[in-house]
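Below is one structure, written out as structure tokens; the observations come after it.
The values are calculated or read from the model by the stated rules, or taken from the named source; none is laboratory data. Quick caveat, the model's predicted, so the values are computed rather than measured. Quick reminder, even Gly has a Cβ in these numbers, built from the backbone with ideal geometry, and neighbours come from all protein chains shown. Just so you know, the surface numbers come from the protein's heavy atoms only, side chains and all, with ligands and any DNA or RNA stripped out. Shrake-Rupley method; radii C 1.70, N 1.55, O 1.52, S 1.80 Å.
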Amino acid sequence: MYDVMAIGNALVDHEYVLSDAALEETELTKGNMTLAEFEEQQQLLAYFKLAEIEPSKQAGGGSAANTMFTFASLGGKPFYACRVGDDDQGAFYLRDLHEAGVATSDKSIHEGGVTGSCVVAVTEDGERTMQTYLGTSSEIAADNVDFDALTQADWLYLEGYLAMSESIQPAMTQLRQQAGIHNAKIAVSFADPAVVKFAKDGLLNMLGNKVAVIFCNSEEAKLFTDKKQVKAAARALLEHCQTAVVTDGANGAVIAHKPDDESEIEVYDVATPAVTSVIDTNGAGDNYAGAFLYALSQHYSLPECGRLASEISSQVIQQFGPRLASQDYRDIAQRVLSA
């Protein structure tokens, strides 16, 4: 019934555009995600208000949710497991996914919970810096996962941010085991450099003995493997996966693949399309993973998967917000995959 089942944090994004100087005042680490308590996020919002920095956009977010939105918009059938509160933000979040064609379960709704939120600070160079209050998503656990959905899926997609969540680790192990029983392939996104820095053990639990695909950017790949060069890091990741997809911004992406027959490692370079103006990098990696995974599920070659993913992510960074209009995804796919 489903092409892919994913699990991740459910967050409503609140985007702000600000200068580097204003970002420095927040003491957030540029380009990284920082977890915060409710009071800390309220202090940040109070600072924005005092500095007369108004929000530019509110949208459904969360790394794996963005990936599944992309996957569904391209024509795939995804299922998404998460945890939201039974509040207005939670209703908005789930409705947003349903309208895009992403299936969810009532198991994702926690009565009395507060839906998580992510403040996304976008600087003039388009870089996104995030402060996340997980809310009820911090307690996501096996009770929020519809394990039956995985029995009907070809892929299992795991969001790296969940490596920071102790409550979900038993469910992660169960999902990996069930994926093996039902021959579902596993894809893991590292999601953020902070995940690799502070939750590598959680990532290793997600990866288990080995997974089919790892998605990460060059900084995450280098941190995880202790390699200084992108291609060397991509090759080193093959100890944990069959295919490593490492994005490197304007420098393009490197795809390393180890065939089943133990023949020589294949390495592909995929160029990034020229971009006139980078406005907002929020969601670029999520969209890349969603587009790549969709093309892979439709049995396109690895270079073709990379080209579709690069085209879509290059469009995402030229607008505010982590998601394109659904028709835009389909138009790009028709142009790239039929070429």
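In table form, for the structure just shown:
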| quantity | calculated |
| --- | --- |
| Å² per residue, accessible surface of the range 1-43 at 1.4 Å | 48 Å² |
| Computed [θ] at 222 nm, helices only, for the chain once each DSSP H run of length n ≥ 4 contributes -39500 (n - 2.57) | -11500 deg cm²/dmol |
| Accessible surface of VAL12 - all protein chains present, 1.4 Å probe, nearest 10 Å² | 0 Å² |
| Size of electric dipole in the range 2-124: Cβ of Lys, Arg +1 and of Asp, Glu -1, about Cα centre, debye, nearest 20 | 580 debye |
| Rg followed by Dmax, in Å, when the range 161-224 is reduced to its Cα trace | 11.6, 34 |
| Share of pairwise Cα separations in the range 199-288, more than 15 Å, in percent | 60 percent |
| Vicinal HN-Hα couplings computed from phi for the range 278-295 (Karplus, 6.51 cos²θ - 1.76 cosθ + 1.60; Hz; Gly/Pro x) | 8, 9, 7, 8, 4, x, 4, x, 5, 5, 4, 5, x, 5, 4, 5, 4, 4 |
| Whole-percent carbon and sulfur share, accessible surface of the chain, 1.4 Å | 46 percent |
| Per-residue SASA entry for LYS222, accessible area with 1.4 Å probe, Å² rounded to 10 | 70 Å² |
| Per residue value of the accessible surface for the range 259-339 (all protein chains in place, 1.4 Å probe), Å² | 47 Å² |
| Compactness relative to 2.2 N^0.38 Å, alpha carbon Rg of the chain | 0.92 |
| Solvent-accessible surface (1.4 angstrom probe) belonging to ASP106, in square angstrom, nearest 10 | 130 Å² |
| Stokes-Einstein translational diffusion, the range 49-160 - Kirkwood Rh over all Cα pairs, 1.002 mPa s, 20 °C, in µm²/s | 141 µm²/s |
| Simple Cβ-charge dipole of the chain, Lys/Arg +1 and Asp/Glu -1, about Cα centre, in debye nearest 20 | 940 debye |
| Residue-normalised accessible area of the range 68-212, given per residue in Å² at a 1.4 Å probe | 38 Å² |
